[in-house]
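The values are calculated or read from the model by the stated rules, or taken from the named source; none is laboratory data. Keep in mind the model is a prediction, meaning the values are calculated, not measured. Here the Cβ positions follow ideal geometry from the backbone for every residue, glycine too, while neighbour counts run over all protein chains shown. With ligands, DNA and RNA removed, areas are computed over all heavy atoms of the protein, side chains included. Shrake-Rupley method; radii C 1.70, N 1.55, O 1.52, S 1.80 Å.
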Amino acid sequence: MGSRTNTLASRSINAIVSASGLAVATLKDHDGSGAGQDVYTFHTGDGTVADGWPALSSWVSFDDMWKANRPIIMESCTQFGVPNNSANETQNLYESIQQVAKESHLDHRFILAIIMQESKGCVRVHTTNYGVRNPGLMQDHDGTGTCNDNGVVQNPCPKNEILQMVRDGAIGTAAGDGLASLINQQGKTDVSAFYRAARMYNSGSISNQANLNVGVGTACYATDVANRLTGWVSAASQCTLSA
């Protein structure tokens, strides 16, 4: 789960990726290097390729990433003690990722990676609160989309709620930033903008510009996301940091 703080400023909920070279105008399901490998590499440093982080060209394709993670998504709600996704709910999640990616010009692989990091794709994931209410598939900043809030669990989870959960995390809410605006804020045109945005999405800030693993929030959050983008699914984490 994310544990982002309330340091995020209020942003437009219509944010799209505008960073040069990082915005995706046309979605391609076979847009990557293939299926990658289910291995975990512990990345340290500032998120640049020069510091050993994965280049955009080494990200797996969305199609391969979805196929590899779908079995986990279908059983993801077990950990929360709520009914697992139905096949229809999981299909609605797939379609929602694609729709929001088009709306925001945000890479659909990055949206999926954050969803897997935050909820493993459970549409009935519970709402957390560590100073800020974080509901939904992406445990976003006080958004409106959720199928499990204040003890009310929706089964089935309506498609409009699934779509709103993805919008809240990717595009943003009235209370805080989504992934798109966080990428734009980095002022970067290289792949490090994604990893830096992941760090900010989790903790609200980048505590150490030279090491994205440092700071409040989930240890190795940014490096976890980088690994998901290159094929990591269930291999043992090699993160050596404690939460």
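Once both labels are positioned 7 Å from their Cα atoms along Cα-to-Cβ, the gap between SER33 and PHE80 label points is 3.2 nm. Each Lys and Arg Cβ is given +1 and each Asp and Glu Cβ -1; about its Cα centre, the chain then shows a dipole of about 180 debye.
Taking 7 Å steps out from each Cα toward its Cβ at ILE16 and VAL216 produces label points 3.4 nm apart. So what's the gap between the Cα centers of region 96-147 and region 191-237, to the nearest angstrom? Taking the Cα centre of each part, region 96-147 and region 191-237 sit 16 Å apart.
Heavy-atom accessible surface of VAL49, to the nearest 10 Å², is about 80 Å², with a 1.4 Å probe and all protein chains retained.
Computed from label points 7 Å out along Cα-Cβ, the spacing between VAL152 and ALA235 is 4.4 nm. For the chain, lysine pairs separated by 8 or more sequence positions, or belonging to different chains, with Cα-Cα distances below 20 Å total 5. When HIS30, HIS126, HIS108 are compared by accessible surface with a 1.4 Å probe, the order from highest to lowest is HIS30, HIS126, HIS108.
Summed over the residues of the chain and divided among them, the accessible surface reaches 39 Å² per residue at a probe radius of 1.4 Å. Overall, the ratio between the Cα radius of gyration of the chain and 2.2 N^0.38 Å, rounded to two decimals, is 0.91. Distant-in-sequence amide contacts of GLY172, defined by a placed amide H-H separation under 5 Å and a gap of 5 or more residues or a different chain, comprise GLY178, LEU179.
The phi-based Karplus calculation (6.51 cos²θ - 1.76 cosθ + 1.60; θ = phi - 60°) puts the 3J(HN,Hα) values of region 40-56 at 10, 10, 7, 8, 10, x, 9, x, 8, 4, 4, 8, x, 7, x, 6, 4 Hz, whole numbers, x for Gly and Pro. Taking a ≥ b ≥ c as the square roots of the eigenvalues of the Cα gyration tensor, an a/c ratio of 1.5 or more together with a/b no larger than b/c marks region 62-195 as oblate.
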